[in-house]
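Structure first, commentary second.
The values are calculated or read from the model by the stated rules, or taken from the named source; none is laboratory data. The structure presented is a predicted model; accordingly, all values stated were derived computationally and were not measured. Quick reminder, even Gly has a Cβ in these numbers, built from the backbone with ideal geometry, and neighbours come from all protein chains shown. Accessible surface areas use protein heavy atoms only, side chains included; no ligands, DNA or RNA. Shrake-Rupley method; radii C 1.70, N 1.55, O 1.52, S 1.80 Å.
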Amino acid sequence: MKFFIDTANLDQIREAQELGVLDGVTTNPSLMAKEGIGGKENILNHYKKICEIVDGDVSAEAISTDFAGIIKEGEELAALHPQIVVKVPVIKDGIKAIKYFSEKNIKTNCTLVFSAGQALLAAKAGATYVSPFIGRLDDNSTDGIELIGQIVDMYNYYDFDTQVLAASIRHTMHIIKCVEMGADVATCPLDAILGLLKHPLTDIGIKTFIEDYKKHN
Ligand code: G3P
């Protein structure tokens, strides 16, 4: 499974990259705003900086909701750097735009997916990634992990190339459950990635080994 980090924070992206297990980055307008990044030029420059830190795919979101606007924004984003993946919402004009981009070999991430039907249309349009938001489903008393399983099964059954990118991940168990479901990618906050390392028995074991080593050294 690929690991993406879900942030626009450059320090956190560097930290995850230095860990050596990072395969890419996802961002969204809210994550950009959280870092205080605003204005078209600043936003585009920020995407370039992210691409310079990591080796893999970097999702950059189009804000437009009409076909012409999404195409204009997406082409501009894609021209920024070969690692850019254009993030497009799963709406009618978004699906048309994903089809257009797939014919132009521009990678896409179909975002704000909350149902198997939306994921089906994204795959048929040729999306590179589909992003089901599992945390936000859980927030609304619906099992986000179950949706991941449904989409993985559907894509396997029909041999779709679209990769399932589990998004809106909030904690380590979301990641483990996504692995069990066979998600292709999990995009996670840094805390959730580092949280995978945590185990009290590991800490106790290290402490004991160091103490025992010191007995005769
Ligand atoms: O990848 C999508 C993600 O950024 C949304 O996460 O926590 O705002 O639901 P959240």
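Scan the range 56-72 for residues that are out of contact with any strand residue (DSSP E or B) (no Cβ under 8 Å at 6 or more places or on another chain) and open to solvent by 40 Å² or more (accessible area, probe 1.4 Å) and jot them down. Hits for the range 56-72 are Ile63, Asp66, Phe67, Ala68, Lys72.
Can you tell me which residue in the range 130-165 is surrounded by the most Cβ atoms within 10 Å (Cβ to Cβ), limited to those that are within 9 Å of the ligand (Cβ to nearest atom) and not in a helix (DSSP H, G or I)? So, considering only residues that are within 9 Å of the ligand (Cβ to nearest atom) and not in a helix (DSSP H, G or I), the one surrounded by the most Cβ atoms within 10 Å (Cβ to Cβ) is Leu165. The set of residues in the range 1-34 that are in a loop (DSSP other than H, G, I, E, B), of a type outside the set (Val, Ile, Thr) and surrounded by 15 or more Cβ atoms within 10 Å (Cβ to Cβ) comprises Ala8, Asn9, Leu22, Asp23, Asn28.
Out of everything in the range 10-53 that is farther than 19 Å from Leu77 by Cα and polar (S, T, N, Q), what residue ends up being nearest to the ligand (Cβ to nearest atom)? Across the range 10-53, the extreme among qualifying residues is Gln12. For the range 103-122, the criterion of being surrounded by fewer than 17 Cβ atoms within 10 Å (Cβ to Cβ), without any contact (Cβ under 8 Å) to a residue 60 or more places away in the chain, among the β-branched types (Val, Ile, Thr) and in contact with a helix residue (DSSP H, G or I) (Cβ under 9 Å, 6 or more places away or on another chain) is met by none of the residues.
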